[in-house]
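What follows is a short report on a single structure.
The values are calculated or read from the model by the stated rules, or taken from the named source; none is laboratory data. The shown structure was predicted, so the numbers you read here are calculated from the model rather than taken from an experiment. Counting neighbours? That spans all protein chains shown, and the Cβs are built from the backbone with ideal geometry, glycine included.
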Amino acid sequence: MSLTNSAAAVTTAHRSGAVGGFFAIGIFLGSYLLFVVQPLIARFILPWFGGAPATWTVCMLFFQTLLLGGYAYAHFLHRRLAGIRQQFVHVGMVLLSLLTLPVIPDEGWKPPGAEAPEIRILLLLLVTVGFPYFLLAASSPLLQAWYVQALPGCGNPYRLFALSNAGSLLALLGFPFLVEPLLSSNAQAAAWSVAYG
C-alpha cells in the first residue's frame, strides 16, 4: 500500500469515526431526553391534578400517541424526501420547536375546580412538551437512516438502536435516583430545555 493510500485510509477512518460519534451522541441524548421528560412533566402536573388513574391514563395516551406520530413522521420524511431535504425539514422543525421552551407548565393550567381533568391535561401536555417530544421521537430513526446514507460502508446502524435503548434506560433509572432528589422541578425543566436546544 502506498503512503498516499494509507493516508487516505486514515483520513476516511477518522472522518467516519467523527461522523459516527456525532450520530451516536445525537441518538443517545435524544433517547435520554425522550424518556426523562415524562417523569419530569409528571412532577409538575401530579400536584395539580392528583394521581388518579385518569391522570396517568391520559398521560400515557398522550406520550404513546406522540411517540407513534413521531415514528410515522420519520417514516414519511424518509420515504418522501431526498436526504438533504429530510435534514432541512427536520432541523427546521427542531429550530421552530425551540420557541416552546422551557418545558415548564404555566400556573394557568391548574384546574379551577372539580371538573374532569382529561382535556386540560392533554392540552397542557401538548402546549408544554408536545412539539419537542414529537420531534425527539422521530430523531432516532431519522439519525439512523442518515447514518447509513452518510457512511454507507461503516457497518450496521442497529448498534445505534442499542445506544438509543441505553439512553432510554439511563433516563428511566437515573431519574428517581439522581435527577429527582438533586434538582428542583424548575431546574430539571431548565436542564432538559438546555440539553434539547
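In this structure, does THR65 turn out to be among the hydroxyl-bearing types (Ser, Thr, Tyr), in a helix (DSSP H, G or I), modelled with pLDDT of 95 or more and buried (at least 20 other Cβ atoms within 10 Å of the Cβ)? Taking the combined requirement at face value, the residue does not satisfy it.
Taking every residue in region 155-182 that is farther than 17 Å from PHE22 by Cβ and pairing it with any residue that is small (Gly, Ala, Ser), at least 6 positions away or on another chain, the pairs with Cβ-Cβ distances below 6 Å are SER168/SER31.
Checking the condition touching an Asp or Glu at 6+ places or on another chain (Cβ under 7 Å) and either at pLDDT 95 or above or farther than 23 Å from ALA195 by Cβ (or both), which residue from VAL127, VAL148, VAL58 passes?
Result of the check over VAL127, VAL148, VAL58: VAL58.
Look at (1) closer than 19 Å to LEU66 by Cα; (2) surrounded by fewer than 20 Cβ atoms within 10 Å (Cβ to Cβ); (3) in contact with a His (Cβ under 9 Å, 6 or more places away or on another chain); (4) not aromatic (Phe, Trp, Tyr) and you find that ASN165 fails only one, number (3). Residues that are surrounded by 11 or more Cβ atoms within 10 Å (Cβ to Cβ) and within 17 Å of the chain's Cα centre (by Cα) number at least 2 in the following helices (runs of 4 or more DSSP H) confined to region 83-161: 83-97, 131-150.
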